[in-house]
Each structure stands twice: as structure tokens, then as C-alpha cells.
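Working notes, structure below.
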Amino acid sequence: MESFSESAATALALILGRDPVLLAIVGRSLTVSASACMLACSLGLALGAWLGVARFAWRGGLLALLNTSLALPSVVVGLVVYLLLSRSGPLGFLGWLFSVKAMVLAQAVLVLPVVAALTRQVVEDAEQLHGEQLRSMGAGTGLRGLMLAWDERYALLTVLIASFGRAISEVGAVMIVGGNIDGFTRVMTTAIALETSKGDLPLALALGLVLLLVVLGLNAVVSLITRWRGAVQNAPLLTAGAGA
């Protein structure tokens, strides 16, 4: 217990003192995960919205494949990306292995199924409620998906938060393709694993606390936006009730 107390006190001192090593690792983690989420969301939102409204013969098989990919272990994704980016792989000419770019790619591949699957479910639920009306107005598949996704943008915000949480908390894939190189490709999760194995518990604990604060902060933002949306939607009803 005394050892834990000392480690916790030192970890807090590192955070409050804005330790440069700590800040560098945190900044790199946020940059990698944010870039991966932007890449994955740009593809996943469009794919999910289309799957939510499109109907075709092999849709069931594609959805089964998509849902199965949600359970892919991160180390498997890392291995596949490693083989693609290795010198003998088809993308070896890029020279991305053991770089931040490789880590962004690995996290994007890992997050893409999450974004696509959750977006598909949100849009498909909205399609059941409003799809007939949009079809009667002549809206095609693409336009319906776009309109329904925009109408459910606040629900999709939680999808973005979930994807970022999945990316920033991932360790296996980025360690394989990034190499966990100090000062270059070391992020919060890989640093926590390394520092814990080395016995440097204060730094590992400090990084763990920052990681928790980041996730809590994102959830707080989503909660505030959701409450604001509810207040805006209920405002006309409250005004009407007061006038009556």
C-alpha cells in the first residue's frame, strides 16, 4: 500500500508538473488516434449509412462479415498491417513500417468496422421510421442514407466517441507496426505496458490516469451535447405550454 501511495504521488507530480516525456507521449497518442478516427470515420460513416438503406442479394453476408470483424483481435490486425507494410509486402515501397503512419493505418483498420457497424444500425433504425416518407419524395438510396445520417447526427456522435475510445486504448496493433520506439512511436498504451514491465510504476500510472481523463472528458462532452439537444427540442413545447 505504501508503494502504491508513493507511486500515485509521483504520478500526480508528473501530471501537475507537465513532465515533458509524459506530454510528448500523450500528444503523440492523441495525434495518432485522432488521425486514425478521421480516416476510419470518413469511410465508415459512408459505408454504414449506405448499408443502412441499401438492399441487395448479398447484404446479409456482408453484414455478417462486418459484424465478425468487430471481434478481430488487435494483434491480428497489427500482424496483417505489418505483413502489408514489410519490405517484401505489397505496400513495402511506402517505407511506413515502424512509423506513426503505420500506427495510424493499423488503428484505422481496427476502428473502421466499429464505425461502419454502429452507423449501419443507427441509420437502419431511422430508415424503418422515415424511409417510406423519403422514398415517396423520390429520394434514392444514397440521398436517403445521407439525410438519415444527418438527422441522426447526435446519435452518430456517440459512434465517433466509441471509435476514438477504441483507437486510443488499443495496444497490440500499434506495438507491432510501430515498434514502441522511444521518442518516435511510443504512445500511452505501449508506454504503460513497457514502463510496468520495467517497474517504472509512477510514469505508467500517470499515463493511465491521463488516458482515463481523456475518455471521461469525451463522454462528458457527449453528455452535454445530448442534454443541450434535448433542451432545444423541448423548448417550443415548454413555451407553448406556458402560453396556454
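The values are calculated or read from the model by the stated rules, or taken from the named source; none is laboratory data. Remember, predicted model here, so these are calculated numbers, not experimental data. Ideal geometry is used to build each Cβ from the backbone, glycine not excepted, and the neighbour counts take in all protein chains shown. Ligands, DNA and RNA are stripped out before the accessible areas are found, and what is left, the full protein with its side chains, is counted by its heavy atoms. Shrake-Rupley method; radii C 1.70, N 1.55, O 1.52, S 1.80 Å.
Observations on the model:
- The one condition in (1) under 28 Å from Gly183 (Cβ atoms); (2) touching a residue at least 60 places away in the same chain (Cβ under 8 Å) that Cys41 fails to fulfil: (1)
- A single entry from Leu118, Leu94 fulfils the requirement of being within 21 Å of the chain's Cα centre (by Cα) and under 22 Å from Ala34 (Cα atoms): Leu118.
- Subset of the range 128-149 (residues that are on the phi > 0 side of the Ramachandran plot and among the hydroxyl-bearing types (Ser, Thr, Tyr)): none
Residue-by-condition table, conditions (1) in contact with an Asp or Glu (Cβ under 7 Å, 6 or more places away or on another chain); (2) more than 30 Å from Arg186 (Cβ to Cβ); (3) open to solvent by 30 Å² or more (accessible area, probe 1.4 Å):
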{"residue": "Ala71", "(1), (2), (3)": "no, no, yes"}
{"residue": "Pro90", "(1), (2), (3)": "no, no, yes"}
{"residue": "Trp96", "(1), (2), (3)": "no, no, yes"}
{"residue": "Ala102", "(1), (2), (3)": "no, no, no"}
{"residue": "Pro113", "(1), (2), (3)": "no, no, no"}
{"residue": "Ser136", "(1), (2), (3)": "no, yes, yes"}
{"residue": "Ala139", "(1), (2), (3)": "no, yes, no"}
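- Residue, most open to solvent (accessible area, probe 1.4 Å), within the range 115-124, restricted to residues that are in contact with a Leu (Cβ under 7 Å, 6 or more places away or on another chain) and among the hydrophobic types (A, V, I, L, M, F, W, C): Val122
- Scanning the range 1-19 for residues being outside any helix (DSSP H, G or I) and loosely packed, with under 14 Cβ neighbours inside 10 Å gives a total of 3.
- Selected residue (criterion: farthest from Ser35 (Cα to Cα)) from residues of the range 73-88 that are open to solvent by less than 50 Å² (accessible area, probe 1.4 Å) and small (Gly, Ala, Ser): Ser86
- Note on the range 160-182: residues that are touching a residue at least 60 places away in the same chain (Cβ under 8 Å) and closer than 12 Å to Val115 by Cβ amount to 5.
- Flag for Leu22 being in a helix (DSSP H, G or I), open to solvent by 50 Å² or more (accessible area, probe 1.4 Å) and modelled with pLDDT of 90 or more: no
- Among the criteria (1) aliphatic (A, V, I, L, M); (2) in contact with a Leu (Cβ under 6 Å, 6 or more places away or on another chain); (3) closer than 16 Å to Leu118 by Cβ, the one Leu63 does not fulfil is (2).
- So Met38, is it open to solvent by 70 Å² or more (accessible area, probe 1.4 Å) and either among the aliphatic types (A, V, I, L, M) or under 27 Å from Val210 (Cα atoms) (or both): yes
- Scanning the range 158-197 for residues that are part of a helix (DSSP H, G or I) and among the β-branched types (Val, Ile, Thr) turns up Thr158, Val159, Ile161, Ile168, Val174, Ile176, Val177, Thr189, Thr190, Ile192, Thr196.
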